[in-house]
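Below: one structure, written as structure tokens.
The values are calculated or read from the model by the stated rules, or taken from the named source; none is laboratory data. In this text the structure is predicted, and so the values were computed from the model without any measurement. Using ideal geometry, Cβ is built from the backbone for each residue, glycine included, and neighbour counts are taken over all protein chains shown. We work out accessible area using only protein heavy atoms, side chains counted, and drop any ligands, DNA or RNA first. Shrake-Rupley method; radii C 1.70, N 1.55, O 1.52, S 1.80 Å.
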Amino acid sequence: EFSNPRVCPHLRFYAEDNGKSVNQYFEARHWREAAHENDHQQIKLTPMAVIRGQHFYLYKLCLLQNGGACVPYEWFICKGKLHAMTWPVSIAETATLGRGWIVDEFKQFEISEDDFSVSFTGWRSSAATRGLPSPSKIIG
């Protein structure tokens, strides 16, 4: 159906958070919650989002506009914009593993597509990431 120009514009790939109003299946809260019951379900449905020409992936570290970093684990639409539920990360250094990232899966926050800055795949070529550990060096 992707190649059908009459159908493709009507396909929905992300769950939508419209508050209490539910007019379509993709607006239902249970669509988002069902994905959490099986983490692999979300990554099968919407593993990536394209934001300002960059590819941001679920479970891959990325840099935010404010200089912080996070790991997105869910994409959804809210008020017409793409949002992500994310885990915060921090830089840590250990004697055995060296300098890397710690993902705090016990905290979560929602961010808008406007807050994303550098994707996992664009990390090495971005001046904004100089001096930061590699995004693939998750040590905890």
So, of the residues in segment 85-111 that are open to solvent by 30 Å² or more (accessible area, probe 1.4 Å) and of a type in the set (Phe, Trp, Tyr), which turns out to be nearest to residue 73 (Cα to Cα)? 87
In the set 100, 122, the lone residue that is touching a residue at least 24 places away in the same chain (Cβ under 8 Å), in contact with a strand residue (DSSP E or B) (Cβ under 8 Å, 6 or more places away or on another chain) and in a strand (DSSP E or B) is 100
Taking the residues in segment 63-84 that are outside any strand (DSSP E or B) and farther than 19 Å from residue 122 by Cα as candidates, determine which candidate is least open to solvent (accessible area, probe 1.4 Å). 80
Considering only residues that are of a type in the set (Lys, Arg) and either at pLDDT 90 or above or surrounded by 13 or more Cβ atoms within 10 Å (Cβ to Cβ) (or both), which ones fall in segment 112-140? 137
